[in-house]
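Please treat every number below as a calculation from the coordinates, not as lab data. Since this is a predicted model, take the numbers as computed values, not measurements. With ideal geometry, Cβ positions are generated from the backbone for all residues, glycine too; neighbour counts draw on all protein chains shown.
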Amino acid sequence: MAEVTKEYEMLHDLVTTRMSVRKFKPDPIPDGHVEKILEVARWAMSGANSQPWEFIVVRDPEIKRRLRDAYSEYNTDYIFWMEQQREYKLRHPSYQVREKLHESLAFNKKKANWHLAPAIIVVLGDGRRQWGTVMGAHTFGRDQSHLTDGLANASFLIHLAVASLGLTSEWVTIHIQEPFKRILGVPDLLTLYLIVPIGLPDVGPREGVRRPLEDLVHYDRYDMSKYMSNEQIIRYLYGLREATVPVHSSSRGVSAEEK
Ligand SMILES: Cc1cc2nc3c(=O)[nH]c(=O)nc-3n(C[C@H](O)[C@H](O)[C@H](O)COP(=O)(O)O)c2cc1C
């Protein structure tokens, strides 16, 4: 086997030690680090190099708290109830509830503590910019995949740059953009894609989990022995959910029983 470069080793080390953290210390992070992170993010790939991203750095404690409250009120409420339509064990572990649903919802609404992180990066996209791409010629609208593909690339670079500086982050999916836009004064035309709190972890390190390489790589042609039937996929999803319980709990600094 050919020797790998030290750059590969550094990158591999970075991606395997980076982890999502869901409990942050309020300790400040060094001045200029957020800008260093965004300096990396702006080099993300995007369709036709349209660079549809913009970022809001939120440090004001009151604005952070209002964002967290909006998250609890709109996002948590929405995903809690939508998850209830699924079979119990296929739900996100936090939403595996059989009784006292409203009490559980109220508990879950208090869980998110990312407003305590010293800085939050909000990733925005301007869908008009990606009308320069091939996709733009085919599909009208502001939320085409070339927009979100580019925003995802920039967002992942944020997470990598965060890890490279010895910090941690969380990918906080936003399902309902409008309340956050109102708080931040974001124009209607823009997409509010993601919230990324950044700080020091208030939990210990843990092992990352990924599918083994041999399960997902095919050479020259698709290897049908690796193809999963619909039934196998369902079994896989059950297994994934079971595995989520301990990982998610430790990323939030609670025991698996407390979820
Ligand atoms: C599209 C996407 C959506 C995600 N949504 C959330 C989220 O809403 N909340 C959260 O805490 N983590 C979220 N994550 C983080 C994943 O749960 C996490 O990356 C995955 O479990 C692997 O764990 P690791 O990042 O610690 O390696 C999301 C990640 C991606 C790429």
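Bridging of Lys111 to lysines at a Cα separation below 29 Å is possible for Lys23, Lys25, Lys64, Lys89, Lys100, Lys181, Lys259, once same-chain residues fewer than 8 apart are set aside. For the chain, the dipole from Cβ point charges (+1 on Lys and Arg, -1 on Asp and Glu) about the Cα centre works out to 620 debye, to the nearest 20. Using a simple spin-label model with pseudo-atoms 7 Å out from Cα toward Cβ, Leu200 and Tyr88 lie 4.2 nm apart.
Ranking Thr76, Ala44, Val34 by Cα position along the charge dipole of the chain, where only Lys, Arg, Asp and Glu carry charges on their C-beta atoms, puts Thr76 farthest toward the positive end. Estimated from the Cβ-Cβ distance and a Förster radius of 22 angstrom, the FRET efficiency linking His175 and Ile56 is about 0.75. DSSP bridge analysis restricted to the chain gives an antiparallel fraction near 95%, rounded to the nearest 5. Counting only Cβ charges, +1 for Lys and Arg and -1 for Asp and Glu, the dipole size of the stretch 36-159 around its Cα centre is about 260 debye.
Which FRET efficiency value, to the nearest 0.05, is calculated for Leu101 and Met228 with the Förster distance at 25 angstrom and r the Cβ-Cβ distance? Efficiency for this residue pair is about 0.15. Using a Cα-Cα cut-off of under 30 Å, which lysines could be cross-linked to Lys6, ignoring same-chain neighbours fewer than 8 residues away? Partners within reach: Lys36. The residue among Trp131, Val15, Val254 whose Cα reaches farthest toward the positive pole of the charge dipole of the chain, with charges on the beta-carbon of Lys, Arg, Asp and Glu, is Val254. Inverting the pair-averaged 1/r between distinct Cα atoms of the chain gives 20.4 Å as its Kirkwood hydrodynamic radius.
Beyond 17 Å, what share of the Cα-Cα pairs of the stretch 128-259 is found? Please give it as a whole percent. Tail of the P(r) past 17 Å holds 75 percent of the pairs. Listed peptides 207-216, 235-244, 59-68, 121-130 appear in the order 121-130, 59-68, 235-244, 207-216 once ranked by packing, highest mean of other Cβ atoms within 10 Å at the front. The local environment of Val172, defined by Cβ-Cβ distances under 10 Å, has a net charge of +1 under the rule Lys, Arg +1 and Asp, Glu -1.
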